[in-house]
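Colleague: What follows is a single structure, and I will ask about it in a moment.
Read-outs throughout are calculated quantities, based only on the coordinates presented, and are distinct from any laboratory measurement. Please read all numbers here as calculations on a predicted model, not as lab measurements. Every residue, glycine among them, receives a Cβ derived from its backbone with ideal geometry; neighbour counts consider all protein chains shown.
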């Protein structure tokens with residue numbers, strides 16, 4: 001399917017938003033590891049006109065022929081069931097939903113993830129290896145103050161592209177991925193749904209990633225985005241920094257990546 005092709009190419013067609021409260025940033029800079037909310041939305045369209053309006057081979061197994069409406073209904077059910085299964089397997093308050101629908105002349109594959117990542121300095125996350133092993137992803141501050149995202153691929157390997165130094169791993173996610181593949185493979189025609197739904201957890205490779213800082217009027221750090229700087233006491237509600245966004249000139253996976261740093265400020 002076209003969505004899976006885009007994912008395999010290394011760029012997930014979606015938007016991810018990571019919220020960082022000023023208090024959590026200060027706690028992280030002091031060496032604590034905290035949980036932060038992550039919202040992600042994936043949506044990919046395929047022209048309906050490219051499909052026969054009467055019959056169509058199953059876009060996953062390519063062996064069975066269905067009426068178009070039955071095919072889409074079957075895939076929508078498979079996506080929904082796989083997303084529900086992932087929510088159950090995560091068992092940590094995360095919620096994953098997904099499906100397929102017709103909008104105008106397009107077939108739309110969609111998915112939404114509400115979860116939490118761990119946030120802290122590299123040193124703190126290294127020391128909290130037991131918590132990291134059970135997490136869905138990490139947002140870390142390196143020694144220069146730059147923020148990095150670590151999420152986990154379906155091939156059981158952490159995202160390591162252009163990364164230096166320590167890279168966390170999450171055996172729990174690996175076990176969940178294995179279980180989800182077993183579940184999805186029971187249905188030959190719905191097997192592709194497992195791959196797509198699992199990839200939704202790989203926030204790092206989303207086309208668009210934004211960090212939203214909520215200020216509280218207190219001091220303690222500053223944010224640096226390129227040449228722009230803002231002190232924490234001047235952050236309003238929902239100060240948004242784009243960590244990655246769609247661009248014509250990309251870094252090889254369809255995104256332009258911008259460094260964002262948080263630097264402690266002692267008064």
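Colleague: Can you compute the FRET efficiency between residue 169 and residue 228 using 1/(1 + (r/R0)^6), with r the Cβ-Cβ distance and R0 = 35 Å? Round to the nearest 0.05.
Modeller: In this case the efficiency is close to 0.55.
Colleague: Tell me the label-point distance for the pair residue 35, residue 129, using the 7 Å Cα-to-Cβ offset, in nm and rounded to one decimal.
Modeller: 2.4
Colleague: For residue 142 and residue 77 in one chain, what is 0.36 nm times their gap in residues minus the Cα-Cα distance, to one decimal in nm? Provide the component values of the computation, followed by the final result.
Modeller: On the way: separation 65, 0.36 × 65 = 23.40 nm, distance 4.21 nm.
Between residue 142 and residue 77, full extension yields an extra 19.2 nm.
Colleague: Extension gain residue 245-residue 46, at 0.36 nm per residue separation less the Cα-Cα distance, in nm?
Modeller: Fully extending the segment from residue 245 to residue 46 adds 69.5 nm.
Colleague: Listed highest first by mean packing, meaning other Cβ atoms within 10 Å per residue, what order do 116-122, 24-30, 255-261 come in?
Modeller: With the highest mean Cβ count within 10 Å placed first, the list reads 116-122, 24-30, 255-261.
Colleague: Describe numerically, in nm with one decimal, the distance between label points set 7 Å from Cα along Cα→Cβ at residue 181 and at residue 23.
Modeller: About 4.2 nm separates the two model spin labels.
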